[in-house]
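Novice: Supplied in structure tokens, the structure appears directly below.
The values are calculated or read from the model by the stated rules, or taken from the named source; none is laboratory data. Since the structure is predicted, the reported quantities are computational estimates derived from the model, not experimental observations. Note: ideal-geometry Cβ built from the backbone for every residue, glycine included; neighbour counts use all protein chains shown. When the accessible area is computed, the model is the full protein with side chains, heavy atoms only, and any ligands, DNA or RNA have been set aside. Shrake-Rupley method; radii C 1.70, N 1.55, O 1.52, S 1.80 Å.
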Amino acid sequence: METSEPKILFFDIGGVLLTNGWGHDSRKLAAERFGLNYDELNTLHNYIFNVFEIGNITLDEYLDTVIFNHPRDFTREDFKEFVYSRSKELPGLLQWMKEWKRDCGFRVISINNEGKELNTYRVKKFKLHECFDAFVSSCDVKMRKPDPNIFLLALGIAQARPEQCYYFDDRIFQVETAKSLGMHAYHHTSFEETKEILERIKKEISEPQ
């Protein structure tokens, strides 16, 4: 690879740098805490969540369908506060990436599935602008992984060829989608392993060809 060519890191966020924004475990805990029927909640969630993640409905509209479809003995704000509170930083990688990015020679771009309000909250709360140069988020681009088109859009935004790009995701089927498009893609399983891979990539690229 010539040094003048762009070097792009694409990263998922939930399950890699942060916990999932509104995943299975969070919904199960919500059902317990707020006295909800989990099976009903999950059925309605699966019915409409994709629409929320591509930005076609708001968080309030999602909650109207899934939670506040009949009177509750808790407030909407209490429930939303709980939803936001489930976003937490996973140990190690995010803080390390913020430091490593300063002289790594890569541009770092997200490819992530997230509803608009959760995405905005997470970017601000965890200062993700210190890690990412741009965000290709499902709520903004109106498509979501594993649709190959969101990866193709990210390549277009980066103005890079697949072979110039490296992708990390905690879900193996997303990794396989990226690989099928010609990207170098890695299954994230731990901070230590991903750190080692990134350091190796950086070293390989910096060495004279």
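Novice: Considering only residues that are out of contact with any Cys (no Cβ under 9 Å at 6 or more places or on another chain) and open to solvent by 10 Å² or more (accessible area, probe 1.4 Å), look in segment 105-119 and name the one that is farthest from G182 (Cα to Cα).
Specialist: G105
Novice: Name the residues in segment 128-140 that are open to solvent by 10 Å² or more (accessible area, probe 1.4 Å), in contact (Cβ under 8 Å) with a residue 24 or more places away in the chain and within 14 Å of the chain's Cα centre (by Cα), would you?
Specialist: Within segment 128-140, A134, F135, D140 qualify.
Novice: Something else about it: Could you tell me which numbered condition P91 fails, if it satisfies all but one of (1) modelled with pLDDT under 95; (2) more than 17 Å from V16 (Cα to Cα)?
Specialist: Of the numbered conditions (1) modelled with pLDDT under 95; (2) more than 17 Å from V16 (Cα to Cα), the odd one out for P91 is (2).
Novice: Would you be able to tell me the number of residues in segment 148-195 that are in contact with a helix residue (DSSP H, G or I) (Cβ under 6 Å, 6 or more places away or on another chain) and acidic (D, E)?
Specialist: Number of matching residues: 1.
Novice: Taking the criterion of being modelled with pLDDT of 95 or more, among the aliphatic types (A, V, I, L, M) and in contact with a Ser or Thr (Cβ under 6 Å, 6 or more places away or on another chain), would at least one residue in segment 45-63 satisfy it?
Specialist: yes
Novice: Provide a single number: the residues in segment 77-127 that are under 20 Å from V51 (Cα atoms) and among the basic types (K, R).
Specialist: 3
Novice: Just give me the residues in segment 167-209 being more than 15 Å from P148 (Cα to Cα), among the hydroxyl-bearing types (S, T, Y) and modelled with pLDDT of 95 or more, in sequence order.
Specialist: Within segment 167-209, Y186, T189, S190, T194 qualify.
Novice: How many residues, within segment 155-180, are surrounded by 15 or more Cβ atoms within 10 Å (Cβ to Cβ) and outside any helix (DSSP H, G or I)?
Specialist: So the answer is 8.
Novice: Are there any pairs, at least 6 apart or on different chains, whose C-beta atoms fall under 8 Å, with the first in segment 65-77 and more than 14 Å from N42 (Cα to Cα) and modelled with pLDDT of 95 or more and the second surrounded by fewer than 14 Cβ atoms within 10 Å (Cβ to Cβ) and not β-branched (V, I, T), and if so, which?
Specialist: D73/G35; R76/D60
Novice: Under 6 Å between Cβ atoms, which residue pairs at least 6 apart in sequence (or on different chains) link something in segment 144-168 that is among the hydroxyl-bearing types (S, T, Y) with a partner that is crowded, with 19+ Cβ neighbours inside 10 Å?
Specialist: Qualifying pairs under 6 Å: Y166/L9; Y167/F10; Y167/A178; Y167/M183; Y167/A185.
Novice: Test R122 against the stated conditions and say whether it is of a type in the set (D, E, K, R) and open to solvent by less than 10 Å² (accessible area, probe 1.4 Å).
Specialist: Yes.
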